[in-house]
1. Could you check PHE47 against (1) farther than 22 Å from GLY204 by Cα; (2) touching an Asp or Glu at 6+ places or on another chain (Cβ under 9 Å); (3) hydrophobic (A, V, I, L, M, F, W, C); (4) assigned to a helix (DSSP H, G or I) and say which number it fails?
2. Of the conditions (1) surrounded by fewer than 21 Cβ atoms within 10 Å (Cβ to Cβ); (2) assigned to a loop (DSSP other than H, G, I, E, B); (3) polar (S, T, N, Q), THR11 satisfies every one except a single condition; which number is it?
3. Taking interchain pairs and intrachain pairs at least six residues apart, which have beta carbon atoms under 7 angstrom, with the first residue in the range 205-231 and more than 28 Å from ASP65 (Cβ to Cβ) and among the acidic types (Asp, Glu) and the second at pLDDT below 95 and crowded, with 23+ Cβ neighbours inside 10 Å?
4. Give all pairs with beta carbons closer than 8 Å in which a residue from the range 54-71 that is closer than 14 Å to LYS8 by Cβ meets a residue that is in a loop (DSSP other than H, G, I, E, B) and not polar (S, T, N, Q); count only pairs at least 6 apart in sequence or on separate chains.
5. Could you tell me whether any residue of the range 196-219 is in a helix (DSSP H, G or I) and either hydroxyl-bearing (Ser, Thr, Tyr) or modelled with pLDDT of 95 or more (or both)?
6. Looking at this structure, is SER21 out of contact with any helix residue (DSSP H, G or I) (no Cβ under 9 Å at 6 or more places or on another chain), on the phi < 0 side of the Ramachandran plot, modelled with pLDDT under 95 and not charged (D, E, K, R)?
7. Kindly indicate whether GLY230 is on the phi > 0 side of the Ramachandran plot and surrounded by fewer than 22 Cβ atoms within 10 Å (Cβ to Cβ).
8. Would it be correct to say that LEU177 is closer than 21 Å to MET218 by Cβ and not in a helix (DSSP H, G or I)?
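The values are calculated or read from the model by the stated rules, or taken from the named source; none is laboratory data. Remember, it's a predicted structure, so these values are computed and weren't measured experimentally. Virtual Cβ from ideal backbone geometry, glycine too; neighbours counted across all protein chains shown.
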Amino acid sequence: MPTLLEVKNLTKRFGGMTAVSKVDLSVQQGEVRGIIGPNGSGKSTLFNLISGVYKPEPGASIVFDGENITDWESHEIARRGVARTFQLLRIFSGMSVLENMLIGHHGLIRYGSASAVVGSRKVWAEERRVREEMMELLAFIGLADFADMPAGELSGGQRRLLALGRAMAMQPKLLMLDEPAAGLSPVNVDILLDTVLALKNRFGLTVVIIEHILKVVMETCETVSVLEHGEKIAEGSPAQIKDDHRVIEAYLGKEMKDEEVRAFLQSA
């Protein structure tokens, strides 16, 4: 498969601290890639650099789908086909589930501001088309019955699904998920991951996942990249990563909140 995302020499400093240091990353089209590492290892900063939230230090290169997007603004990168979720859910609680989806799609609207002001048959047709597409997407992720409900009334698992759906509303080629299973029960984790894989297969997505729950990454991802202190220390298949002594030391040398991490890495 062709390479969809190629990152070279990616570095980011905040004052005297280096959050990401000379990271290289190559993600193939259609791949499910996992990014793991202890807290503070630079995972979310890496996402912020790729998605344009932060600008990297000079000398870095980010090429997406054949275009160098290193210096692009985040909205330009999103329009090009990169969508992401955040650790902290950015949902408009007072708006309906459907309205949240429409906001996610607004950057792809096909009519201009002048048409919107005066109103036209084209505007009405476009709005109807978008609503139908968003309802189809909500049905796919299991939230169609909640379309008119205020998003703030959804359960934790449903909010995670809505964040996923809103990212998908941007019709991405690359979907980046930052700890999508955070705070979910095991049942809801399974539902979320099944939905992610179903979306990947339905829309031909490439997916990159940051996840604290290693079991999720090991059972879902084809390739796993490991960060520690902002540097990439290992990369390979889940089986290779699980047995890599550098990865075990990186995790077991930290005080972990999740004992499952410790048990999973130590298991045969």
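1. (1)
2. Single failed check for THR11: (2).
3. Close Cβ pairs satisfying both conditions: GLU228/GLY37; GLU228/SER41.
4. Listed pairs, sorted by first residue: ILE62/PRO56; ILE62/ILE69; VAL63/ILE69; PHE64/GLY81; ILE69/GLY52; THR70/PRO56; THR70/ALA60.
5. No, the conditions are met nowhere in the range 196-219.
6. In short, no.
7. Spelling it out, it is not the case that GLY230 is on the phi > 0 side of the Ramachandran plot and surrounded by fewer than 22 Cβ atoms within 10 Å (Cβ to Cβ).
8. Yes: the conditions hold for LEU177.
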